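The values are calculated or read from the model by the stated rules, or taken from the named source; none is laboratory data. On a predicted model such as this, the values are computed, not experimentally measured, just so you know. So basically every Cβ, Gly included, is an ideal-geometry build from the backbone, and we count neighbours across all protein chains shown.
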Amino acid sequence: MRKYLANALIGPAQARAAHHQALQKNPGIVSGVEELLATCPPADVGDDEAPIFLFSAGWRSGSTLLQRLIMSDKDVLIWGEPYDECGMIQALADTTKAFRAGWPPQDYYYDGTPPGELSGNWIANLFPSLADLRKGHRALFDTLFAHPAKTAGASRWGIKEVRLGVEHAYYLRWLYPKAQFVFLYRNPLDAYRSYCRYGRNWYDTFPDAPVFTPMAFGKHWRYLMKGYMENAKSLDALVIRYEDLIEGRVNLNEIEKHLGIHIDHSVLDNKVGSSERGGKKVLVSKLEKWLLKRAVSPLAEELGYTW
């Protein structure tokens, strides 16, 4: 009786054991992409597409300034947080989580048998190849981002984002092996103070992930920054501190060399727009500062940010 009750309420013991064992391997986007690469490496011979992905650790961290600097190369178009609240890239990347050793079974993949001869075979699970899966994912990016950029006259394109984590960088590298990455970050208190001027009513994804509080803002910053710092080397990403950028401590020639572009250095002197909103100052209370500090610690302190 106990066995039947357990099966009904929590599932068979064998299934639960297998699930627990799978979870021990920390499955996620990165592990899924690694499995895809091991099972079906991308045939990138002749593929010179090298989009630029600019990832910022949250909002109000200077990503638009860096986007403008990169786009001062007239051959580059960087899309700015396209369809930001849809979570489109996140959702596509999430589909890779399921890939792991033993799944999908090899006999699920279509083997080229003429369709007319398949009716006598087991076809309950009939999958296109992994190569076609990758082509399908990439086709969306090529159609939505690459094609309109090139139609506009740009030879290279990219995306500036403030919501994407390092796991999404690995997904994008799977699609574009020659992609270039730049990670940008700023003092989280300064970024949050600037964010407050906009009403604190933005979303990571709508409607399930609002960022209305200093805790939500700080956790987002810490999660992104942790991934950036730990994986920048493996992704050959250029990491830039916003304060160094605006105070002239970043070698702009290094950005040019890393991305293979030519930029107009005077862009940093040309301010476009303002977060002051009519000169009004927004009060960040002591409680908000405390909550934010709690959310970003200890990483913020390790990066030299204290308040």
Test for residue 206: is it modelled with pLDDT of 95 or more, surrounded by fewer than 15 Cβ atoms within 10 Å (Cβ to Cβ) and in contact with a helix residue (DSSP H, G or I) (Cβ under 6 Å, 6 or more places away or on another chain): yes
Answer residue from the range 144-160, given it is buried (at least 21 other Cβ atoms within 10 Å of the Cβ) and charged (D, E, K, R) and is farthest from the chain's Cα centre (by Cα) among those: 156
Matching residues, the range 45-82, being under 21 Å from residue 154 (Cβ atoms) and of a type in the set (D, E, K, R): 47, 48, 49, 68, 73, 74, 75, 81
Residue selected from the range 81-101 under the condition under 27 Å from residue 19 (Cα atoms) and among the aliphatic types (A, V, I, L, M), by the criterion farthest from the chain's Cα centre (by Cα): 101
Hits in the range 75-88 (condition: in contact (Cβ under 8 Å) with a residue 60 or more places away in the chain, surrounded by fewer than 21 Cβ atoms within 10 Å (Cβ to Cβ) and of a type outside the set (Phe, Trp, Tyr)): 75, 80, 81, 82, 84, 85, 86, 87
Residue, surrounded by the fewest Cβ atoms within 10 Å (Cβ to Cβ), within the range 34-57, restricted to residues that are in a loop (DSSP other than H, G, I, E, B) and touching a strand residue (DSSP E or B) at 6+ places or on another chain (Cβ under 8 Å): 50
Test: residue in the range 162-171 that is surrounded by fewer than 20 Cβ atoms within 10 Å (Cβ to Cβ) and among the charged types (D, E, K, R): no
Cross-chain or 6+ apart pairs with Cβ under 6 Å, the range 179-203 first and over 21 Å from residue 90 (Cβ atoms), then in a loop (DSSP other than H, G, I, E, B) and among the aliphatic types (A, V, I, L, M): 193/284; 196/282; 197/282
Residues being out of contact with any Phe, Trp or Tyr (no Cβ under 6 Å at 6 or more places or on another chain) and more than 22 Å from residue 21 (Cβ to Cβ) - total across the range 102-114: 6
Matching residues in the range 101-125 - criterion: being surrounded by 13 or more Cβ atoms within 10 Å (Cβ to Cβ) and either part of a loop (DSSP other than H, G, I, E, B) or modelled with pLDDT under 95 (or both): 104, 110, 118
Complete set of residues in the range 190-199 that are in contact with a Leu (Cβ under 9 Å, 6 or more places away or on another chain) and surrounded by 21 or more Cβ atoms within 10 Å (Cβ to Cβ): 192
Tabulated pairs, the range 94-106, first closer than 11 Å to residue 125 by Cβ and free of Cβ contacts under 8 Å to residues at least 60 places away in the same chain, second aliphatic (A, V, I, L, M) and exposed (fewer than 14 other Cβ atoms within 10 Å of the Cβ), C-beta under 9 angstrom, 6+ apart or interchain: 104/98
Out of 297, 274, sole residue that is more than 16 Å from residue 70 (Cβ to Cβ), at pLDDT 95 or above and among the polar types (S, T, N, Q): 297
Failed item in (1) assigned to a helix (DSSP H, G or I); (2) out of contact with any Phe, Trp or Tyr (no Cβ under 6 Å at 6 or more places or on another chain), with residue 154 passing the rest: (1)
